Amino acid sequence: MTLTRDFWNPELYDILMQLRPGTAAFDFDNTLIRNDFGEAVMESFLLEGVPAYKGDISLLLGENGDKALSSRYQNPDLFRSIVLAQYETIQSKFGLEASYRWSSWIFRDILPKY
């Protein structure tokens, strides 16, 4: 779209025409920023055992579900690694969108649909 002189104040129009066109970036899924807020919050929640989720997490974590359940508050690093491994497995099999939907349980007390 070209800016026309039509209803602009002449002085303002001249200033605008000298400016370089701007660039906009729309970040709807938090992928434009490395180590963005979402990742930092997810890391924090995982290391705390995902306190907001009250359901049975073993159902979400496949064959390592029982191990995750027992390590949830006793061994945060193991719990984190089990959850992230499942996240990566879902991502590799079904894509990024599916893994994002799956990880929604980390942020709220709702069972994900993926």
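Between GLU88 and ARG101, how many nm apart are label points set 7 Å from Cα along the C-beta direction?
2.3 nm
Compute the length gained on full extension between ALA40 and ASP56: take 0.36 nm times their separation in residues and subtract their Cα-Cα distance, giving the result in nm to one decimal. Please report the intermediate quantities before stating the final value.
Values: separation 16, 0.36 × 16 = 5.76 nm, distance 2.37 nm.
Taking ALA40 through ASP56 to full extension adds about 3.4 nm, to one decimal.
Per-residue HN-Hα couplings for the stretch 39-49, Karplus 6.51 cos²θ - 1.76 cosθ + 1.60 at θ = phi - 60°, whole Hz, x for Gly and Pro?
Result, ordered by residue: 5, 5, 5, 4, 4, 4, 4, 5, 5, 8, x Hz.
Residue by residue, what Karplus-based ³J(HN,Hα) values in Hz, rounded to whole numbers, does the stretch 76-86 have, using 6.51, -1.76 and 1.60 with θ = phi - 60° and x for Gly and Pro?
The phi angles translate into x, 5, 5, 4, 4, 5, 5, 5, 5, 5, 5 Hz.
Values in this text are rule-based calculations from the coordinates and carry no lab data. Every value quoted in this text rests on a predicted model; they were computed, and no experiment measured them. Methodologically, a virtual Cβ is constructed for each residue, glycine included, from the backbone with ideal geometry; neighbour enumeration extends over all protein chains shown.
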